Amino acid sequence: MSVSVCFPAYNEESTIRDVLQEAHELLSASELDYEILVCNDGSEDNTGRIIDEIARTTPRVRAIHHERNRGIRDTFEHLYAEASKEFVFLNSTDRQWETRILFDMLPFTSDYDVIIASRRRKHYSVVRHFVSWLFNLVPRIFFGVATYDAGAVKLMRREVITRFPAVSQSPFNEAERLIKAARAGYRIKNFPVDTNPRTAGKARGVTWRSVTAAVADVVRVWRNIH
């Protein structure tokens with residue numbers, strides 16, 4: 001089995017070194033065929049410098065840089081496009097999810113094409129809780145698909161990514177692929193995990209602009225499918 005372990009990063013100088021070193025230690029001690037990809041999305045702190053330093057000194061770590069901040073949707077898509085292994089594990093660099101959960105998820109790949117590490121508890125404000133609940137409800141109502149926790153960490157067969165290019169222009173692209181994969185017969189498993197609250201870095205909070213963009217994408221995906 002082979003896995004591309006992917007990390008988006010934006011202003012994560014306090015955690016990025018430990019996250020990448022931990023990933024290297026875990027993966028190099030395993031028998032997996034792997035690569036580690038990390039995309040610096042125009043960080044304004046020392047995140048990019050730290051990533052480059054680790055990439056120069058650590059085998060199988062590759063750095064990708066955006067000259068300006070392009071947002072989480074474009075960063076995910078760039079990582080997906082660069083991934084070359086059979087499965088893609090998309091994690092965060094803020095330590096909410098520990099990389100070791102990959103090894104808990106791998107056994108399910110014999111029966112499932114996508115494993116979602118959904119959060120047992122979301123460390124969100126009341127407003128963000130509501131928005132998250134709503135946009136996990138939308139796929140059930142409009143597309144008949146349970147996406148569980150679409151914005152969570154995932155272990156996904158790369159075939160799903162390449163087969164279903166996203167038309168969404170917002171982070172709804174994560175739900176879009178799950179919707180299209182489920183409708184095409186790919187098997188999706190919900191794997192609840194305990195996560196840590198963010199203690200550093202810059203969160204991409206819910207804004208009116210992001211909500212309206214996601215609503216527009218629901219319509220865009222509906223038209224694309226039908």
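The values are calculated or read from the model by the stated rules, or taken from the named source; none is laboratory data. In this text the structure is predicted, and so the values were computed from the model without any measurement. Heads up, the Cβs are rebuilt from the backbone with ideal geometry, glycines too, and the neighbour counts pull from every protein chain shown.
Being among the basic types (Lys, Arg), farther than 19 Å from Tyr34 by Cβ and in contact with a helix residue (DSSP H, G or I) (Cβ under 9 Å, 6 or more places away or on another chain) is a condition met by no residue of the range 100-117. Residues in the range 157-194 that are farther than 16 Å from Phe135 by Cβ, of a type in the set (Val, Ile, Thr) and in a helix (DSSP H, G or I): Val160, Ile161, Thr162.
When each of Thr199, Thr162 is tested for being closer than 25 Å to Ala83 by Cα, loosely packed, with under 14 Cβ neighbours inside 10 Å and either out of contact with any Gly (no Cβ under 9 Å at 6 or more places or on another chain) or modelled with pLDDT of 95 or more (or both), the lone residue that passes is Thr162. Only one of the listed residues (Glu98, Glu82, Glu67) is charged (D, E, K, R), in contact with a Lys or Arg (Cβ under 9 Å, 6 or more places away or on another chain) and closer than 27 Å to His24 by Cβ. That residue is Glu82. When we screen Ser4, Ser84 for residues that are part of a strand (DSSP E or B), under 18 Å from the mean Cα position of the chain (by Cα), of a type in the set (S, T, N, Q) and farther than 21 Å from Ser170 by Cβ, the only hit is Ser4.
Pro171 meets each of the listed conditions (1) over 12 Å from the mean Cα position of the chain (by Cα); (2) within 21 Å of Cys6 (Cα to Cα) apart from (1). Closer than 21 Å to Asp94 by Cβ, out of contact with any strand residue (DSSP E or B) (no Cβ under 8 Å at 6 or more places or on another chain) and not charged (D, E, K, R) - does that describe any residue in the range 182-195? Taking every residue of the range 182-195 in turn, none turns out to be closer than 21 Å to Asp94 by Cβ, out of contact with any strand residue (DSSP E or B) (no Cβ under 8 Å at 6 or more places or on another chain) and not charged (D, E, K, R).
Among the residues of the range 91-124, the one identified as buried (at least 20 other Cβ atoms within 10 Å of the Cβ), among the acidic types (Asp, Glu) and closer than 19 Å to Leu178 by Cβ is Asp113. If you check Val145, Val127 for being surrounded by fewer than 20 Cβ atoms within 10 Å (Cβ to Cβ), among the β-branched types (Val, Ile, Thr) and in a helix (DSSP H, G or I), only one passes: Val127.
Residue under question is Ser43, and the condition is that it be modelled with pLDDT of 95 or more, surrounded by fewer than 17 Cβ atoms within 10 Å (Cβ to Cβ) and among the polar types (S, T, N, Q); does it hold? Explain how you work it out, then say what you get.
Details: modelled with pLDDT of 95 or more: yes; surrounded by fewer than 17 Cβ atoms within 10 Å (Cβ to Cβ): no; among the polar types (S, T, N, Q): yes.
So Ser43 fails the test.
Within the range 27-57, track down each residue that is in contact with a strand residue (DSSP E or B) (Cβ under 8 Å, 6 or more places away or on another chain) and not in a strand (DSSP E or B). Steps first, answer last, please.
At the first step, the residues of the range 27-57 found to be in contact with a strand residue (DSSP E or B) (Cβ under 8 Å, 6 or more places away or on another chain) are 27, 32-43, 47-48, 51-52, 54-55.
If the condition is that a residue be in contact with a strand residue (DSSP E or B) (Cβ under 8 Å, 6 or more places away or on another chain) and not in a strand (DSSP E or B), then Leu27, Leu32, Gly42, Ser43, Thr47, Gly48, Ile51, Asp52, Ile54, Ala55 are the ones that fit.
Among the residues here, Ser170 qualifies as of a type in the set (Gly, Ala, Ser) and either closer than 30 Å to Asn46 by Cα or buried (at least 19 other Cβ atoms within 10 Å of the Cβ) (or both).
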